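Chemist: The structure's right below; bear with me while I get my questions together.
Read-outs throughout are calculated quantities, based only on the coordinates presented, and are distinct from any laboratory measurement. Remember, predicted model here, so these are calculated numbers, not experimental data. Every residue, glycine as well, gets a Cβ built from its backbone with ideal geometry; the counts of neighbours run over all protein chains shown.
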Amino acid sequence: MSYLLHIDSSSLGEASVSRQVAQSFRDQWQGPVVHRDLAAAPVPHLTAAGITARITAPGRHTPEQAKAAALQDELIEEFLGAGTYLFTVPMYNLSMPSVFKAWLDQIIISERTLSLTGPSPAAGRPALVISARGGGYGPGTPREGLDYVVPTLEAVLGRAVLGLDVTTVIPELTMAPVAPALAPLLPLHEASMTAAHDKARTLATTFGTAAAA
Ligand SMILES: Cc1cc2nc3c(=O)[nH]c(=O)nc-3n(C[C@H](O)[C@H](O)[C@H](O)COP(=O)(O)O)c2cc1C
């Protein structure tokens, strides 16, 4: 049976809302899991050696290219070996944590994880992205349109690059309990948290049923 690949990127450890919601998913998930914590063990940024290794025959690799290629091989094998994905990617400065972007840059390689001529190898596999944020970015809010995390990940993990079947859970207004300016929005935050945990639990069952079929 293939495994769930669970990748975390919040720097906040157990205090992370994204990780706490992921725990609700994990509590319901039956089956093997491979867990990678990018905050605890960041992967390096993509280097010139890592880029040029992709277009150089392995027998002609410099030591730097060979090392960079070995890391890409390890991460890609881990990515492609999974049947289901769980990503926690909070909003940092309207975007994703740099550790997650570094991981994406290491694993997205033409004709290995994406195809320019047909479906990508992981196309159609279910993926959950949990993205907590301090504010609110939903339709009709003053910050609508400023979320550069979820739309980007829907494109990169999903339809435009890796082809995963992406579902999102977005616990929002997480700063409401501590930011006086957001205090009036505390009930909305609490409702968002309840909905996020509930949806994560439900999706674990849905994804698990699909994986077992
Ligand atoms: C470096 C940093 C940048 C942040 N930038 C934003 C932001 O642009 N918009 C926002 O709504 N919240 C922002 N926040 C708040 C986080 O999104 C919020 O604390 C969220 O709960 C973090 O996810 P986590 O709890 O899973 O770690 C930022 C937090 C940090 C640490």
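Chemist: Can you pull out every residue in segment 3-35 that is within 16 Å of the ligand (Cβ to nearest atom), in contact with a strand residue (DSSP E or B) (Cβ under 9 Å, 6 or more places away or on another chain), not polar (S, T, N, Q) and not in a helix (DSSP H, G or I)?
Modeler: Passing the criteria: 6, 7, 8, 35.
Chemist: Taking only pairs six or more apart or across chains, which ones have beta-carbon atoms under 7 Å, a first residue in segment 57-80 that is of a type in the set (Phe, Trp, Tyr), and a second residue that is assigned to a helix (DSSP H, G or I)?
Modeler: That search, which allows pairs on different chains as well, returns 79/107.
Chemist: Does residue 49 count as assigned to a loop (DSSP other than H, G, I, E, B) and more than 16 Å from the ligand (Cβ to nearest atom)?
Modeler: no
Chemist: Run down 48, 70, 53, 122 and say which single residue is more than 29 Å from residue 147 (Cβ to Cβ) and either crowded, with 19+ Cβ neighbours inside 10 Å or among the charged types (D, E, K, R) (or both).
Modeler: Matching residue, one of 48, 70, 53, 122: 53.
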